[in-house]
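The values are calculated or read from the model by the stated rules, or taken from the named source; none is laboratory data. Every value quoted in this text rests on a predicted model; they were computed, and no experiment measured them. When we count neighbours, we look across all protein chains shown, and the Cβ atoms used for this are built from the backbone with ideal geometry, even at glycine. Note: accessible area is taken over every heavy atom of the protein model, side chains too, but ligands, DNA and RNA are not part of it. Shrake-Rupley method; radii C 1.70, N 1.55, O 1.52, S 1.80 Å.
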Amino acid sequence: MADGAQSDAVPFHYTDLGRTKPTREDDPFEYQAGFGNTFQSEVIPGTLPQGQNHPHVCRFNLYTEVLTSSAFAAPRHSNISSLLYRCRPSCAINGHVEVETKAGWRGSFLASDPKAPGAKPISSQAEWAPFELPTEKTDYIDGVRTLGGNGDAGLRDGIALHIYAINASMDRRAILNADGDCMIVAQLGHIVIQTEMGRLYLQPGELAVVQRGIKYRVALVDGHEHARGYIIELFGSRWELPTLGPLGCFGLANPRDFLAPVAYIDDKLDDDWLVFTKIHGSYSVHKQSHSPFDVAAWHGNCVPYKYDMTKFVAMGSLTVDHTDPSVMTILTAKSRDPDVPLADFLWFGPRWDVAQNTFRPPYFHRNAASEFLANIYSTTLSGRSSGFRPGGGSYEAGHIAHGGFAGPYLTEMKKMKNDPRIISSGSLTFMLESSRSLLFTEWGSSSCKYEATDPAVWESFPDRFSTNSSVRQLLDKVKEKNQAEKSANELFHDDGRIAALAK
């Protein structure tokens, strides 16, 4: 399959399906709905203890295990934990082993760290062609590569951007990420993310979040030879729904559209497994003689979830002007500055554009935020040549000027009428905005091209102001006017002239 293989998704909005279930037809699993809820689930009814968390003897002789993703005494609104009732405790391992991997995770992006080889900023527009798909057998353990990031996993502060490209399922191998929460965005192929709490089915246009400390494995769905997508890793922060302000109760990503798994255990639990624990971007591997996915019941709010981006409820201007992209935020993550998010995850898909007397495409801008855009699928390509092909990406650091390309921009300027129209038809794109400027790995830098935009493009954008003869004459008139006003105003500061007025 070529590196630029198109996504197998068909452009649609979820409501087009006319489904009475909250999932697409391909998804065979059951889920629980809601964002940030405290859930509970059990494989066999009656397994969960009632009225207490730690009974003397659990039903079916299960073992109680507590998973916390926050400080014990964190305030209730930020206290994240779950109780797992499993066949064998996670600490029942057979020792550590050495396993050679090709993984490319990175856990530190400190600019002052001399031990961070190849990490460097990109100060011009950059873009990546669709990331190559593997030709040798590659599962998720080996198929992750880090593009860039900022901060440090050990300090619990920062963000990392990765891609995954795989052609094999994880076979009796699981991963536990002790560095941060991971958002997995599917672009190509269907995958199943099996977690300790249950299974998530992910296809292009859907995202899943697996919190720090939860074990999971990624498997290809039958009939899909490859899978590719993006991973956004948060160190010390977590994804939240943005506040809606004057929008009221509903809009953007609605809480009921986030789906959490139901309890599921493997049919065969006594196989040998390898568990890859990622700490500071490196794997530590141990062997165990039972499946890590042996949780028969659980309850809590530290729970993985998924979201179908085709359910997003877009907002925009119905009168004039182009709204800021923040109105398209699906999820946001806080930084240590209460007024600046660490990251925003934004949606761009088919929607009506009806603003009156308004130039509708994005204006030229120099945002404080750094921006990484990736096209998930598209029936029509626009913008830069490779960065907007499905499976690639583009990046501008904060305050790097960008926006507007000759063809669409000039066509829009020449339009005499602004009729209502659908934009981004047949496409789905996400944007990661961060208050941090990313440092890119050697692999991330070498696999992209720097795109300052062909200077020939700007020949279509001449300076029509200073070269206008009428404008030059008006500027002379303005100078004369300003000089006359300055001379008149000097009277009020000249005591001699003021005294002469009184005579």
**Q.** Answer label for P(r) over Cα pairs in 10 Å bins from 0, in percent (calculated), chosen among (i) 3, 13, 19, 19, 16, 11, 8, 6, 3, 1, 0, 0; (ii) 4, 20, 28, 22, 14, 8, 3, 1, 0; (iii) 4, 17, 27, 23, 13, 7, 4, 3, 2, 1, 0, 0
**A.** (iii)
Q: May I ask for the equivalent-ellipsoid semi-axes of the range 168-288, computed as the square root of five times each C-alpha gyration tensor eigenvalue and listed largest first in whole Å?
A: 28, 18, 14
Q.
If amide hydrogens are placed 1.01 Å from N in the peptide plane, which non-local residues have theirs closer than 5 Å to the one on Val313?
A. Leu252, Ala253, Asn254
**Q.** Fraction of accessible area attributable to carbon and sulfur, the chain (%, probe 1.4 Å)
**A.** 53
Q: Work out the length of the dipole vector of the chain about its Cα centre, built from +1 on the beta-carbon of each Lys and Arg and -1 on the beta-carbon of each Asp and Glu, and round it to the nearest 20 debye.
A: 900
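Rolling a 1.4 Å sphere over the protein heavy atoms, what is the accessible area per residue of the range 204-354, to the nearest Å²? All intermediate terms of the calculation are to be shown ahead of the outcome.
Details: 5790 Å² over 151 residues.
I get 38 Å² per residue for this part.
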Q | Extension gain (nm, one decimal) between Lys477 and Arg156, 0.36 nm per residue minus Cα-Cα | A | 109.5 nm
(Q) Which one, Leu474, Val66, Leu202, projects farthest toward the positive side of the charge dipole computed for the chain from Cβ point charges (K/R +1, D/E -1)? (A) Leu474
**Q.** Packing rank of 217-223, 373-379, where each peptide gets the mean count of other beta carbons within 10 Å, highest leading
**A.** 373-379, 217-223
Q: For Tyr63 paired with His77, estimate the spin-label separation in nm (one decimal), with each label point 7 Å from Cα along the Cα-to-Cβ line.
A: 3.8
Q.
With just the Cα atoms defining each centre, how far is the range 236-276 from the range 307-376? Give it in Å.
A. 22
Q: Quote to one decimal, in nm, the extra length available between Asp270 and Ile44 on full extension: 0.36 nm per residue of separation minus the C-alpha distance between them.
A: 79.4 nm
Q | Of Ser326, Pro45, Ala153, farthest towards positive along the dipole that unit charges on Lys, Arg, Asp, Glu beta carbons give the chain | A | Ser326
(Q) Can you compute 3J(HN,Hα) from phi for each residue in the range 119-124, using the Karplus curve 6.51 cos²θ - 1.76 cosθ + 1.60 with θ = phi - 60°, rounded to whole Hz and x for Gly and Pro? (A) 7, 8, x, 10, 9, 10
Q. How about the range 23-95: which GluC sites (Glu not before Pro) there lie in a loop by DSSP and see at most 15 other Cβ atoms within 10 Å?
A. Glu25, Glu30
Q) Where a Cα-Cα gap under 20 Å defines reach, which lysines qualify for Lys449, not counting those fewer than 8 residues away within the same chain? A) Lys120
Q. Once fully extended, how much extra length lies between Val99 and Leu244, figured as 0.36 nm per residue of separation less the alpha-carbon to alpha-carbon distance?
A. 47.5 nm
Q. In nm, to one decimal, how far is the modelled label at Trp352 from the one at Phe461, with both set 7 Å along Cα→Cβ?
A. 3.1
